[in-house]
Every structure is written in structure tokens, then in C-alpha cells.
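Everything below concerns the one structure shown next.
The values are calculated or read from the model by the stated rules, or taken from the named source; none is laboratory data. Just so it is clear, the model here is predicted, and its values are computed rather than measured. Don't worry about glycine lacking a Cβ; one is built from the backbone with ideal geometry, like all the others, and counts go over all protein chains shown.
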Amino acid sequence: MSKKKRVLLTDESSGKELELPVVAGTEGEPTLDIKALPSTLGYFTYDPGFTATASCTSKITFIDGGKGILRYRGYPIEQLSERSTFLEVAYLLLNGELPSEAQLQKFRGEITYHTMVHEHLNEFISGFQYDAHPMAMMAGVVGSLAAFYHNRMDMESQEHRMVAAQRMIAKMPTIAAACYRHHMGWPTAYPQNSLRYCERFLHMMFSVPSEEYQVSEVSARVLDLLFILHADHEQNASTSTVRLVGSTGANPYACVAAGISALWGPAHGGANEAVLDMFTQIGDISNVPKFIKRAKDKSDPFRLMGFGHRVYKNFDPRATIIRQACYEVLEELGVNDPMMDMALELERIALEDEYFIEKKLYPNVDFYSGIIYRALGIPVSMFTVMFAIARTVGWVAQWLEQSNTPTKIGRPRQVYKGPTERKYEPPHSRR
Ligand code: SDX
């Protein structure tokens, strides 16, 4: 029987002691429960960026950053990416178990049932400038779904919450494709419910009324793989945002809209777009050493986009899988993309460089994904939208998990560094 871990905190100034209970997960690092700290020793804790702080317990996704492990509900990402489909993974993340064939069929039907959006949403989208960034459009349009469903949603009802989750999963591809087509000046393409999830999305993206559009099986398959890999990643910035907004009792559409906005940042999901912009900036493989040098220079704001991770201090298992998929897709689609050679050279040099080794910086999920999106004909400005479509499954799964259990409103503390109390002086007496 392993000895129960005890952690004792002693405040030498007061002589007071506090035993901090250890919250043991089924995997991963033991965590100290510090809730009693303010009321017993009178201290709060300070952890900017939450580098060492758990905000919740969860049964959905497990990551071991040192070993490069990622599991959805206990299933290794390598097995799911090899043998599952995005909708089956969505069912797993939402419900905790892999579905039977009948359950998967029913779930597919539920998602397919919700693929259409209210026609007024298409008018909403038509009001944007043609060159509006699609992530800006997505945040606005997804948030507006609350206007269509808010009054017909009982947040206390588990059934209503599940329907809202299914609506989000079903409608994100429809809204994303509509945003892209607005930018292209093309008419809206309505979802073809006879198609599977990724085929339906590609059809909505690229079909034109004037001719038959045949979805490439290779493209649909690799897109399904990318969606599986991006589906969830425990308490990353955008998921934590969704949970925080959800903790106020806000409706799920508002929560997901907040998640979309958080994901857009180049330090997070916006990195896949930033990686392609970086490759374009580097221009030629001969320039790679110069940019590696810039990435190491503290006085230079340039960072190697697609490199580094808060949790993975070894390889990101998703990057390994995507890198392999790059080779296969480029070959199957007969695409010769010089950016692939540049990516491989950049990775090779960086991984031999002391700076990256010492800081444990490896390619992350965003480093190679853009090369595949390019091969599928998806424009760079839509890369983070692709991430958002996939991550909607994780966002709504984590929102459901939080909504199904009593939750306190999230309200972090601060260390105040402003002025101490002072007296108001009328304007004429101020210097
Ligand atoms: C995603 O959390 C998730 O799970 C996110 C995600 C998901 O699925 O939800 O995995 C998706 O967001 C992946 C990350 C995509 N972002 C990028 O590729 C942007 C480039 N990467 C960095 O901005 C950075 O690595 C972060 C934001 C990803 C991680 O930042 P941390 O954990 O806060 O690490 P840090 O900024 O404290 O860096 C540690 C050191 C620093 O040097 P020192 O101050 O210690 O001297 O490493 C350096 C950093 O300057 N560093 C880099 C670097 N990343 C970190 N130096 C050059 N290039 C980089 N990319």
C-alpha cells in the first residue's frame, strides 16, 4: 500500500501549520488542494499563466508532457487517429465511451439533423466586408446563435444542454464554409446531408453551382484525421475560457464564441496561420539559419511559430502524426510543396540547437498542419477556423462536463501593485 502523501505548510512568522490535502488524479502529477490557505494561514497563491495550477478536475483528456502522451477518455491518440473517425471521437469525448454501431448511427443522425442554420445568419454574414478575417466572422456569428436559441434553451435541462452541444458540432462547418464563400463572392452552399461530416464540409467549401463537385476521398480522410487530432487538449487557453464563461451560467453559444476568440491568438490556435506566414517570411530554405538566430535573440520579438508548448516538454504526439500524414497526402495528391522541405530543415536545425534543446522546444500541433491545409486548397486565413471546427467538440464536451456538476463561478485573485489609499484633490490644485 503506497504511503499517503502528506504536505505540511508552516508559517514560521506565526508558527501556524496547515496540512495541504493531496488531490490524486487517476494519472499524472499529484496536486495540492490549497482552498483552506487563505482562511487558515491568511495567504493566497500567485501563479501567472496558471503554469502550476489546476482549475478543475476532468475525466476527458489526459496529457503527459514529459512522455508525449495524449489520450481522449483513456484511448491513446495514436490508436484513435489510426482507427477512429472524427464523429466517433466526438461521441467519445461527449459521452465518455466509444459508441456501439447503433449509437454511432443515431449520433450521426443527430448531428446531420442540425447542419442547417437560420437563413438570417446568411444575411448576417453577407454584411461583413469581403476581406473580413474569418475568425472575426466566426466569433460574431457563433455568438449570435444565442439570439436564435437562447429563449428555447433551459440551461437546467441536461437534454437541452446535449442538443446545444450537438448543434454547435453540426453548425460550425456550415458557418465556416459560409464565411469562406462570402470572402470568395460565391453563393451559400447548403449542407448535403447525404455526405459524411468532412465530405459535407469540403462540399460546402468548394462546390460551385455551375458544375458537379466531387469530394476527394483523400482530402476528406486527412481532414478527418486533423479534426481528431485537434478535437480536445484538456485545459488549454481556449477551453479554459469556455469553462470560465460557462461558470457564470452563460449559454453555450456565448461560451464557444469566447473560445473562438481565445483560440485566434497566435500563441494558441492562431499559430497554424502564423506558421505559414513565417514560412512565407523566411522565403527560401537558405534563410532558415538566419531566422533560427532571430528566434533565439531575446531582443528580437520573432519566435519560431509552431514550436514550443506549455505542457509538452518532449515531442507533441499530434505533430508526429501530422508530419507523417504530410508525406502521405502530398504524395497522394501529387503536390510538391517547397514549404515541406523548409519545415523539415527548420525542424532539423532547431532540434540540434542548444537553445531549443535546453528550453525543450519541439514542433507542436500547428507546425505541420498548415502544409496539409494548403494541399487541400484551404486558404491560410481559414487555418485557425479549421482548428475551431475541430476544437468545438472539446469545448462543448468540457462545457457539458462542467455544466453537469455543481460549479463555483471562476474568479481568480490578484496581487495588487497599485497606489495605497490617497485623497481626491480638485483639478485646480493638481500639479
Ligand atoms: C497550441 O495549451 C495547449 O494545449 C495549446 C494547444 C491545444 O491543442 O490547445 O496545444 C494548441 O496553442 C499550441 C501552441 C501554438 N503556439 C505557437 O506555436 C507559438 C510559438 N510558441 C510560443 O509562443 C510558446 O512556446 C507557447 C506559447 C506555445 C508556450 O509558452 P510558455 O509555456 O508560456 O513558454 P514560455 O513562453 O515561458 O517559453 C519558455 C522559454 C522562454 O524563454 P526564457 O524566457 O525562459 O528565456 O522558451 C522560449 C521563451 O522565450 N520560447 C521560444 C518559443 N517558445 C518558447 N523561443 C523561440 N521560439 C518559440 N516558439
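Points worth noting:
- Residues (touching a residue at least 40 places away in the same chain (Cβ under 8 Å), of a type in the set (K, R) and either assigned to a loop (DSSP other than H, G, I, E, B) or within 7 Å of the ligand (Cβ to nearest atom) (or both)) located in segment 297-324: R310, K313
- Considered as a group, the residues in segment 90-112 that are of a type outside the set (A, V, I, L, M, F, W, C) and under 22 Å from the mean Cα position of the chain (by Cα) include one that is surrounded by the fewest Cβ atoms within 10 Å (Cβ to Cβ), and that residue is E97.
- The test for being assigned to a helix (DSSP H, G or I), within 15 Å of the ligand (Cβ to nearest atom), of a type outside the set (A, V, I, L, M, F, W, C) and within 28 Å of G65 (Cβ to Cβ) does not hold for G269.
- Taking each residue of segment 250-279 that is in contact (Cβ under 8 Å) with a residue 60 or more places away in the chain and looking for partners that are of a type in the set (D, E) and near the ligand (Cβ under 10 Å from one of its atoms) with beta-carbon atoms closer than 7 Å, six or more apart or interchain, yields A271/D366; N272/D366; V275/D366.
- Counted residues, segment 39-68 - those being out of contact with any Phe, Trp or Tyr (no Cβ under 6 Å at 6 or more places or on another chain) and within 17 Å of H230 (Cβ to Cβ): 3
- A search for C-beta distances below 9 Å between a residue of segment 180-194 that is without any contact (Cβ under 8 Å) to a residue 60 or more places away in the chain and within 22 Å of T384 (Cα to Cα) and any residue that is among the hydroxyl-bearing types (S, T, Y) and assigned to a helix (DSSP H, G or I), counting only pairs 6+ apart in sequence or on different chains, returns H182/S126; W186/Y180.
- Flag if M155 is at pLDDT below 95, within 28 Å of E401 (Cβ to Cβ) and in contact with a Lys or Arg (Cβ under 9 Å, 6 or more places away or on another chain): yes
- Residues in segment 292-320 that are of a type in the set (V, I, T) and touching a Phe, Trp or Tyr at 6+ places or on another chain (Cβ under 9 Å): I292 alone.
- Taking the criterion of being of a type in the set (A, V, I, L, M) and surrounded by fewer than 21 Cβ atoms within 10 Å (Cβ to Cβ), the residues of segment 193-218 that qualify are L195, V208, V215, V218.
- The residue that is nearest to the ligand (Cβ to nearest atom), among those in segment 231-246 that are of a type in the set (G, A, S) and crowded, with 19+ Cβ neighbours inside 10 Å, is S238.
- Count of residues meeting criterion [under 25 Å from I322 (Cβ atoms), more than 16 Å from the ligand (Cβ to nearest atom) and among the polar types (S, T, N, Q)] in segment 29-83: 1
- Residues of segment 296-322 that turn out to be buried (at least 20 other Cβ atoms within 10 Å of the Cβ) and closer than 20 Å to T384 by Cα, as a count: 12
- Check on S207, out of contact with any helix residue (DSSP H, G or I) (no Cβ under 8 Å at 6 or more places or on another chain) and of a type in the set (S, T, Y): yes
- Among the residues examined, I285 qualifies as over 12 Å from the mean Cα position of the chain (by Cα), in contact (Cβ under 8 Å) with a residue 60 or more places away in the chain and over 16 Å from P363 (Cα atoms).
- Enumeration of residues in segment 325-343 that are part of a helix (DSSP H, G or I) and surrounded by fewer than 17 Cβ atoms within 10 Å (Cβ to Cβ): Y327, E328, E331, E332, P338, D341
- Out of T188, T174, one residue alone is outside any loop (DSSP other than H, G, I, E, B) and under 25 Å from L121 (Cα atoms). It is T174.
- Of the residues in segment 257-265, at least one is under 14 Å from the mean Cα position of the chain (by Cα), surrounded by fewer than 18 Cβ atoms within 10 Å (Cβ to Cβ), near the ligand (Cβ under 9 Å from one of its atoms) and not in a helix (DSSP H, G or I).
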